[in-house]
Amino acid sequence: MLIWGGLLYLTKLDFKTVLKLCKGRSELMRDFPADVTSLDLDYLVGVGGNHGAIKAWLALQLYWLMGGCKLRRPRMVENPPAVRYQEAMLRESDSRFVIDRIRGLDSEHGIALNHCRLVHAEYDPGRRVWHVGLRDELDGREHEVRARAVVNAAGVWADSVNRTLGVDSPYKHVFSKGVYLAFPNDGSERAAAVYPMRHGADVITHVPWGPVMMWGPTETGVDDLARGLAPDRRDVEYLLEEAKGNLPGRRMGAGDVVSIRCGVRPLAVPAGFRKDVYPLTLSRRHRLVADEAKRALAIYGGKLTGSLQMADVVEARIRGWLKPRFPCEPPVLPAPERAGVHGFVTPEWARDHEFCVTLDDYVRRRTSIAQWTPRMGLGPDGGGRAALLAVAQKITTSGDAGAAETMVREYEERVRSTYDPLLDF
Ligand SMILES: Cc1cc2nc3c(=O)[nH]c(=O)nc-3n(C[C@H](O)[C@H](O)[C@H](O)COP(=O)(O)OP(=O)(O)OC[C@H]3O[C@@H](n4cnc5c(N)ncnc54)[C@H](O)[C@@H]3O)c2cc1C
């Protein structure tokens, strides 16, 4: 959820990329002021003595200048000694940022489909048209659509979608698993902090997000994507160990964990890349692959920061192939209906306007309930069940009274079998 200006590339003296990412960060802040905010970060300088502190201070001044002096100027702070500088961050969540963009484009001319998988695709070069098979993952039915161009924006699944499309790529993805633990934040911690990892040359962050502090991430190369998408006990143990060493005296034990966030970063490398390297040494930049003959594009790698710039490039490529048939201006949408202490969108609103059809859609993606309430929204002793059932009753459209109960029961079973054992120390 952080919108980095490319500090990682400054350490590699790649000034061009830093300038590009700082520009991307400024554009996101300018274009989406309601969604993006600045965030104070304390870059800890205790390690390396004065020498380390001066070096970090100078580097962060340069970083600030390269960002066009748009954010607050870095300054030294005490207890612990750190250089306080700024990045940008999404106010609510990455999922909400995405759904708000998609919602704006759902119209009579463009349809957004949730839980819909591309299962086959054939290009007819004579008619210059794609025949695409889409499967509704909830009822299993398949549908055929035609397309004059396709864009593969499937993130870590881009290689497998390219295989389905029959598109060759000079790039492939290397996968890097990342895990965060969330601990309670009573509101007293407003600045994020960047700590050196005790084992390894990387850093670890402590970031305020609503009522929690996120601690992480890990950075582990994985070959098997499916296994990378789920956290395991070693990830949790590692983060708890780092917390004990870096933040002694804090309540950051297994029993304090509010939630675990896990994902896999898609890192674009040349297709022939075979090296076994620490994933942080690999670029996080976007790459665009174009198959001109088939009118297919594929996006590799990337971060939030450069996503708008990539979207502009994709749009320009498609306009080079096709003339828009319909007006492209997104309609002005009403603000979502919100309720409760955290102002989450209501289940009814999410159901009617945001393609929300499962409990996971609502508690993990339309709201942050699963990340801000222990045991993925169930609560420490299961006390959140009634609230989850009330949500399920509102989002199930089948009218079947048993469907909501089944939805919650399956959710509970998943929490018991996959989540609880991770924290059972
Ligand atoms: C721990 C961690 C922390 C991170 N922190 C940050 C950060 O602070 N800032 C930042 O900028 N980036 C961060 N990232 C990276 C960021 O999450 C990714 O770069 C980003 O999610 C990639 O977006 P995407 O749209 O390309 O892919 P995704 O978000 O993965 O979207 C791809 C979509 O394609 C869909 N899809 C896949 N296959 C099919 C198919 N066959 N049919 C239909 N749909 C399909 C998927 O369901 C998915 O919805 C982090 C990543 C991790 C793992």
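The values are calculated or read from the model by the stated rules, or taken from the named source; none is laboratory data. The structure displayed is predicted, hence computed values, not measured ones. With ideal geometry, Cβ positions are generated from the backbone for all residues, glycine too; neighbour counts draw on all protein chains shown. Each accessible area value is taken on the protein alone, full model and side chains, heavy atoms only, with ligands, DNA and RNA left out. Shrake-Rupley method; radii C 1.70, N 1.55, O 1.52, S 1.80 Å.
List of remarks:
- Per DSSP, loop trypsin sites (Lys or Arg not before Pro) in segment 206-276 with at most 10 further Cβ within 10 Å: Arg251, Arg274, Lys275
- Applying a DSSP loop filter and a limit of 16 other Cβ atoms within 10 Å to the GluC sites (Glu not before Pro) in segment 1-91 leaves Glu78.
- Around the amide H of Gly221, modelled in the peptide plane, lie the amide H atoms of Lys177, all under 5 Å away and 5 or more residues distant in sequence or on another chain.
- What segment 338-423 shows is 46 Å² of accessible area per residue, with the surface traced by a 1.4 Å probe over protein heavy atoms.
- Accessible carbon and sulfur surface of the chain relative to its total accessible area, %, 1.4 Å: 55 percent
- Relative contact order [Cα under 8 Å, 6+ residues apart], the chain, whole percent: 14 percent
- The mean sequence distance of close C-alpha pairs (under 8 Å, at least 6 residues apart), as a share of the length of segment 247-372, puts its relative contact order at 19 percent.
- Rounded to the nearest 500, the 222 nm mean residue ellipticity of the chain from helices alone is -9000 deg cm²/dmol, with -39,500 (n - 2.57) taken per DSSP H run of at least 4 residues.
- Derived scalar couplings between HN and Hα for segment 253-262 equal x, 4, x, 8, 5, 8, 7, 10, 10, 9 Hz in order, rounded to whole Hz, by the Karplus curve 6.51 cos²θ - 1.76 cosθ + 1.60 (θ = phi - 60°), x for Gly and Pro.
- Each Cα pair under 8 Å and six or more residues apart adds its sequence gap; the mean of these over the residue count of segment 338-423 is a relative contact order of 25 percent.
- Since only Trp349, Ala53, Leu240 are under comparison, the one whose Cα sits farthest along the positive direction of the charge dipole of the chain, derived from C-beta charges on Lys, Arg, Asp and Glu, is Ala53.
- Average accessible surface area per residue within segment 157-272, 1.4 Å rolling probe, Å²: 45 Å²
- Long-range amide H partners of Val151 with built H, under 5 Å: Leu297
- Segment 370-425: proportion of alpha-carbon pairs further apart than 19 angstrom, %: 28 percent
- Annotation: for a label point projected 7 angstrom from Cα along Cα→Cβ of Asn114, residues of segment 137-160 with backbone N closer than 18 Å are 137-141.
- Annotation for segment 284-349: trypsin sites (Lys or Arg not before Pro) lying in DSSP loop with at most 15 further Cβ atoms inside 10 Å of their Cβ are Arg325.
- Entry comment: accessible area of segment 67-134 is 57 Å² per residue, from protein heavy atoms only and a probe of 1.4 Å.
- The magnitude of the dipole of segment 199-357, with charges of +1 and -1 set on the Cβ of Lys/Arg and Asp/Glu and taken from the Cα centre, is near 480 debye.
- Near Ala112, the amide H atoms lying under 5 Å from its own belong to Ser107; only residues 5 or more places off or on other chains count, and H is placed 1.01 Å from N.
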